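S.K.: Below you'll find the structure I mean.
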Amino acid sequence: MVQGIKEKMLEVLTRSNFLTKEQLDEAIASQKESGRRLSEVLTTMGYISQKDLVIVLSQSLNIPPINLSKFKINQDVVQIIPKELANKYQAIAVSKIGKILTVAMVDPLNILAIDELKVLTNYQLKVVIATEKDIKKAIEDYYNTTTNDQMQSIIEDVKDMDIEVFQDTEDVDVKTDNTQELLRQLEDTPVVKVTNMILAEAIKNRASDILIEPQEKRLRIRYRLDGILQEFPAPPQSMQEAIVSRIKVMSVLNIAEHRLPQDGRFKIKIHGREVDFRVSIMPSSHGEKVALRVLDKTAVILDLDSLGFETKPMEKLKKLAQEPHGLILVVGPTGSGKSTTLYSVLRYVDDPELNVVTAEDPVEYQMEGVNQVNVNPDVGLTFSGALRSFLRQDPDIIMVGEIRDTATLDISIKAALTGHLVLSTLHTTEAAGAVTRMVNMGIEPFLITSSCLVVCAQRLIRKICQVCKEPYPITPEIKKKFHIAEEHKEVFRAKGCNKCKNTGYWGRLGLCEVLPFTPDIRDLVMKKAQEGIIKQKAREEGMVTLRENGVIKVLKGLTTLEEITRLTVAD
């Protein structure tokens with residue numbers, strides 16, 4: 001059908017007086033070589049104007065044209081199509097009646113674009129034709145206006161918000177005694193309202209990170225929601241330096257230093273909730289980039305049963321966590337929830353009769369009854385140094401925020417061998433890989449087998465939105481690839497709705513791979529067996545891998561095959 005429409009359009013172009021057959025043949029040859037739209041090639045080569053091309057397309061396709069410069073569009077209608085897709089497909093929504101959405105497009109032959117817009121908007125589409133110039137101008141005018149309106153609306157919402165900024169006294173030195181006074185002087189300035197808005201919106205949207213990124217012609221604000229970065233309305237580029245300076249003041253950093261990276265932290269109190277922020281500022285070619293890690297204590301439930309792990313591996317982890325001594329490692333990439341799992345294990349084993357100490361960089365969540373220490377390499381307090389001091393404090397349980405070097409690993413293992421329960425994290429992708437990593441760091445296999453109780457590898461996957469998820473049948477190819485049993489007939493795909501901001505996902509849950517150090521696993525470690533052999537033996541003993549754990553959650557309707565493919569490797 002599409003081919004017939006194209007032939008009809010070419011016939012109209014040939015019969016018209018706009019261009020000759022030779023010019024049309026030349027344009028078609030150029031289009032095949034470049035892969036661009038034929039309409040784009042014709043206008044670029046100067047054979048036909050955009051206005052005349054719209055007339056030809058309208059006649060050949062029997063689709064009405066529209067002059068966007070003389071048409072007023074409702075802002076709510078414009079927002080039905082996200083700005084990214086409007087730019088991608090050169091399309092803008094112009095009106096809405098019931099479930100019918102009228103969309104102006106440069107290329108009404110782009111069936112893929114029309115299908116994607118139908119699925120995304122959940123409307124029946126009526127397509128009209130507009131010139132590329134008019135579409136681009138409309139997108140620039142309406143979306144920029146909308147963004148500015150959204151920004152103004154958000155600022156109005158938060159301008160009177162009860163946000164109090166304060167630092168711990170240990171962060172303030174003699175050079176920054178006037179920080180609190182400077183904060184008070186700045187409270188009524190516009191930049192404070194905008195900065196407060198950025199922080200408040202991050203907390204409201206459950207963001208784990210905020211990125212404030214200067215671009216060549218604009219300022220970009222992105223929040224990491226459920227592990228994925230999403231762009232949000234940004235203030236004008238002219239405010240970039242002021243926002244960075246405001247964050248530096250809040251973090252007790254040097255506002256005059258623009259050439260070197262700086263790290264800091266601050267705390268705010270919003271509606272009675274205390275939220276910590278870890279700050280990293282780094283110079284870039286267009287200005288200073290700011291990355292903030294949001295540590296909202298009220299949004300984190302430190303409970304092993306709430307992490308989303310399957311029952312059997314969780315029971316194994318709980319049982320081994322109750323051992324009087326040994327080393328428990330949680331492994332995974334950055335942002336996989338290792339720290340939350342460690343805190344949850346610590347909460348599970350904590351007891352008033354026990355002396356519990358932690359070394360962290362920095363302390364992320366305050367735990368009552370636990371002695372928590374911030375390591376500070378600048379003054380010589382490293383993880384290994386803190387561990388040596390802990391061993392003179394008669395501890396029962398020690399948590400080390402992260403094992404980064406051989407010295408810390410060596411002391412952790414010796415502490416586990418001398419009657420302490422040690423909890424820590426290591427950066428490896430799978431549980432069996434932790435053994436290889438420790439050997440590569442210079443630890444003898446007999447020390448690993450004598451000290452290690454269990455290694456838990458984990459990931460955080462996005463939960464499919466329960467409001468808009470839709471089922472689809474499982475093909476034989478999918479069943480074979482993911483080792484799905486024949487009795488399962490369907491799984492779910494992410495669609496997108498208003499609740500999940502058209503992402504198809506809402507919230508996250510954990511995948512885990514628990515590798516206990518059984519006698520057979522210890523024998524393999526002593527023989528310096530390869531990672532694959534250790535993993536295969538663990539599977540024979542009942543270990544469920546990350547991919548298998550993910551498939552279980554897919555079949556329960558909790559996530560999607562696309563999501564577990566993104567985060568796990570095939571077994």
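S.K.: Here is a check on your reading of the model: is Leu354 open to solvent by 60 Å² or more (accessible area, probe 1.4 Å), farther than 30 Å from Arg547 by Cα and out of contact with any helix residue (DSSP H, G or I) (no Cβ under 8 Å at 6 or more places or on another chain)? Show your work before the answer.
M.R.: On the way: open to solvent by 60 Å² or more (accessible area, probe 1.4 Å): yes; farther than 30 Å from Arg547 by Cα: yes; out of contact with any helix residue (DSSP H, G or I) (no Cβ under 8 Å at 6 or more places or on another chain): yes.
For Leu354, the condition - open to solvent by 60 Å² or more (accessible area, probe 1.4 Å), farther than 30 Å from Arg547 by Cα and out of contact with any helix residue (DSSP H, G or I) (no Cβ under 8 Å at 6 or more places or on another chain) - is met.
S.K.: Still on this structure, please answer the following. So which residues in segment 92-108 are in contact with a Leu (Cβ under 9 Å, 6 or more places away or on another chain) and among the small types (Gly, Ala, Ser)?
M.R.: Matches in segment 92-108: Ala93, Ser95, Ala104.
S.K.: Can you tell me which residue is farthest from Ser60 (Cα to Cα) among those in segment 88-143 that are among the aromatic types (Phe, Trp, Tyr) and free of Cβ contacts under 8 Å to residues at least 60 places away in the same chain? It would help to see each step written out before you state the result.
M.R.: From segment 88-143, those among the aromatic types (Phe, Trp, Tyr) are 89, 123, 142-143; that's our starting set.
Checking the rest, the ones that are also free of Cβ contacts under 8 Å to residues at least 60 places away in the same chain come to 89, 123.
Values: Tyr89: 21, Tyr123: 25 Å.
Looking at residues that are among the aromatic types (Phe, Trp, Tyr) and free of Cβ contacts under 8 Å to residues at least 60 places away in the same chain, I get Tyr123.
S.K.: When you scan segment 343-356, do you find a residue that is among the basic types (Lys, Arg), within 28 Å of the chain's Cα centre (by Cα) and assigned to a helix (DSSP H, G or I), even just one? Give the derivation first.
M.R.: Step one: of segment 343-356, the residues among the basic types (Lys, Arg) are 347.
From the residues that got through so far, the ones that are within 28 Å of the chain's Cα centre (by Cα) too are 347.
Still in the list and also assigned to a helix (DSSP H, G or I): 347.
Yes, that holds for at least one residue.
S.K.: Determine which single condition Pro64 fails, assuming it passes every other condition in (1) of a type outside the set (Phe, Trp, Tyr); (2) open to solvent by less than 40 Å² (accessible area, probe 1.4 Å); (3) more than 36 Å from the chain's Cα centre (by Cα).
M.R.: (2)
S.K.: Right, next: Name the residues in segment 463-482 that are within 15 Å of Glu562 (Cα to Cα) and not β-branched (Val, Ile, Thr), would you? Walk me through how you get there before you give the answer.
M.R.: Filtering segment 463-482 down to residues within 15 Å of Glu562 (Cα to Cα) leaves 463-465, 469-475, 477-479, 481-482.
Result: Lys463, Cys465, Lys469, Glu470, Pro471, Tyr472, Pro473, Glu477, Lys479, Lys481, Phe482.
S.K.: Now, a different point. Hey, could you check segment 294-309 for residues that are touching a strand residue (DSSP E or B) at 6+ places or on another chain (Cβ under 9 Å) and outside any helix (DSSP H, G or I) and say which is nearest to Val244 (Cα to Cα)?
M.R.: The selected residue is Val294.
S.K.: A follow-up question, please. Kindly provide the set of residues from segment 382-430 that are assigned to a helix (DSSP H, G or I) and open to solvent by 10 Å² or more (accessible area, probe 1.4 Å), ordered by number. It would help to see each step written out before you state the result.
M.R.: Filtering segment 382-430 down to residues assigned to a helix (DSSP H, G or I) leaves 383-390, 406-417.
Within segment 382-430, Phe383, Ser384, Gly385, Arg388, Ser389, Phe390, Thr406, Ala407, Asp410, Ile411, Lys414, Leu417 qualify.
S.K.: Which of the residues spanning segment 488-527 are in contact with a Pro (Cβ under 6 Å, 6 or more places away or on another chain) and open to solvent by 70 Å² or more (accessible area, probe 1.4 Å)?
M.R.: Taking segment 488-527 first, the residues in contact with a Pro (Cβ under 6 Å, 6 or more places away or on another chain) are 490, 492, 512, 514, 525-526.
Matches in segment 488-527: Glu490, Met526.
S.K.: Would it be correct to say that Val554 is at pLDDT 90 or above and surrounded by 21 or more Cβ atoms within 10 Å (Cβ to Cβ)? Give the steps one after another, and end with the answer.
M.R.: On the way: at pLDDT 90 or above: yes; surrounded by 21 or more Cβ atoms within 10 Å (Cβ to Cβ): yes.
Criteria met by Val554.
S.K.: Residues that are more than 30 Å from Asn549 (Cβ to Cβ), open to solvent by less than 20 Å² (accessible area, probe 1.4 Å), hydrophobic (A, V, I, L, M, F, W, C) and modelled with pLDDT of 90 or more: does segment 367-375 have at least one?
M.R.: Residues of segment 367-375 that are more than 30 Å from Asn549 (Cβ to Cβ), as a first pass: 368-369, 371-375.
Right, trim to open to solvent by less than 20 Å² (accessible area, probe 1.4 Å) and you get 375.
If we keep only those that are hydrophobic (A, V, I, L, M, F, W, C) as well, we get 375.
Next, from what is left, pick out any that are modelled with pLDDT of 90 or more: none.
No; the residues of segment 367-375 include none that is more than 30 Å from Asn549 (Cβ to Cβ), open to solvent by less than 20 Å² (accessible area, probe 1.4 Å), hydrophobic (A, V, I, L, M, F, W, C) and modelled with pLDDT of 90 or more.
S.K.: Give the residue that is farthest from the chain's Cα centre (by Cα), with candidates limited to residues of segment 460-477 that are open to solvent by less than 40 Å² (accessible area, probe 1.4 Å) and hydrophobic (A, V, I, L, M, F, W, C).
M.R.: Per the stated criteria, the residue is Ile474.
S.K.: Hey, another quick one. Quickly run through segment 331-384 and pick out the residues that are closer than 18 Å to Ile411 by Cα and β-branched (Val, Ile, Thr).
M.R.: Val356, Val357, Thr358, Val373, Val375, Thr382
The values are calculated or read from the model by the stated rules, or taken from the named source; none is laboratory data. Owing to the predicted nature of the structure, the values given are computational and were not obtained by experimental measurement. Glycine gets a Cβ as well: all are built from the backbone with ideal geometry, and neighbour counts include every protein chain shown. Side chains are part of the model used for accessible areas, which takes the heavy atoms of the whole protein and leaves out ligands, DNA and RNA. Shrake-Rupley method; radii C 1.70, N 1.55, O 1.52, S 1.80 Å.
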